[in-house]
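Written out below as structure tokens is the structure these notes cover.
The values are calculated or read from the model by the stated rules, or taken from the named source; none is laboratory data. These numbers were taken from a predicted model, which means no experiment stands behind them. In this analysis, Cβ positions are derived from the backbone assuming ideal geometry, glycine residues included, and neighbour counts consider all displayed protein chains.
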Amino acid sequence: MSAQEQESSGNRQMQTAQSREDDDEPMVHCVPADYASSAKKHLEELRSQGKEAILMSELPGQIPRRDNESGSDYAARYSESMNNLIRRGVHILNDQSTHNVAPDRFRIEGHDFDVGPDSGITKGAYRGFSQLTGRKGVTYADIPEEFLKFEVPPASTGTSQRR
């Protein structure tokens, strides 16, 4: 095994060990993040390399809404303009988000699961649940008993089919 492979393997083992250490901690769903500063720094780096880049906050100035243009027409033109920028290889940098947010609701075969801030889910359980629900073809029958407590009863009957 090369030194680089050993380092990579060591990093994976460290991340795995770190993941296990915080498994019992409450899940944090929203973490503040300063996207504006990092986007502006990245913008300068890209431009210094001769690459085209734009901040998301600059897009409305580049794609202004026309007089008497309907909302749907503007949305279609805005979307087409964005796609053209992307096809040209322009980097569009997010300088508007202020938080990293983890999804807190999942739907599997018509069954809703709430793993949000008030659910009491731990980091380890959230990690396991999101990995399970991220698999292609997962069915309601695949959901382990431990995650059923996060199921939200259907609004029409007020009870779950499997508890």
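Numerical summary
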quantity: Inter-residue pairs, beta-carbon under 9 Å, first of a type in the set (Phe, Trp, Tyr) and in segment 130-144, second outside any helix (DSSP H, G or I) and modelled with pLDDT under 85, 6+ apart; calculated: TYR140/GLN161; TYR140/ARG162
quantity: Close pairs (6 angstrom Cβ cut-off, 6 or more residues apart or separate chains): farther than 12 Å from LEU148 by Cα in segment 100-116, acidic (Asp, Glu) anywhere; calculated: ARG105/ASP114; GLY116/ASP104
quantity: Segment 112-128, subset surrounded by 15 or more Cβ atoms within 10 Å (Cβ to Cβ) and among the small types (Gly, Ala, Ser), residue farthest from CYS30 (Cα to Cα); calculated: GLY128
quantity: Residue within segment 33-44 that is in contact with a strand residue (DSSP E or B) (Cβ under 9 Å, 6 or more places away or on another chain), surrounded by fewer than 11 Cβ atoms within 10 Å (Cβ to Cβ) and either at pLDDT below 95 or polar (S, T, N, Q) (or both) present; calculated: no
quantity: Residue ID - nearest to ILE86 (Cα to Cα), chosen from residues in segment 29-73 that are free of Cβ contacts under 8 Å to residues at least 12 places away in the same chain and basic (Lys, Arg); calculated: ARG47
quantity: Single residue of segment 91-111 satisfying the filter (more than 14 Å from the chain's Cα centre (by Cα) and surrounded by fewer than 15 Cβ atoms within 10 Å (Cβ to Cβ)) that is nearest to SER57 (Cα to Cα); calculated: GLN96
quantity: Any hit, segment 114-137, residues being of a type in the set (Lys, Arg), out of contact with any Cys (no Cβ under 7 Å at 6 or more places or on another chain) and under 29 Å from TYR35 (Cα atoms); calculated: yes
quantity: Strands (runs of 3 or more DSSP E) wholly inside segment 35-153 that include at least 1 residues being of a type in the set (Asp, Glu); calculated: 111-114
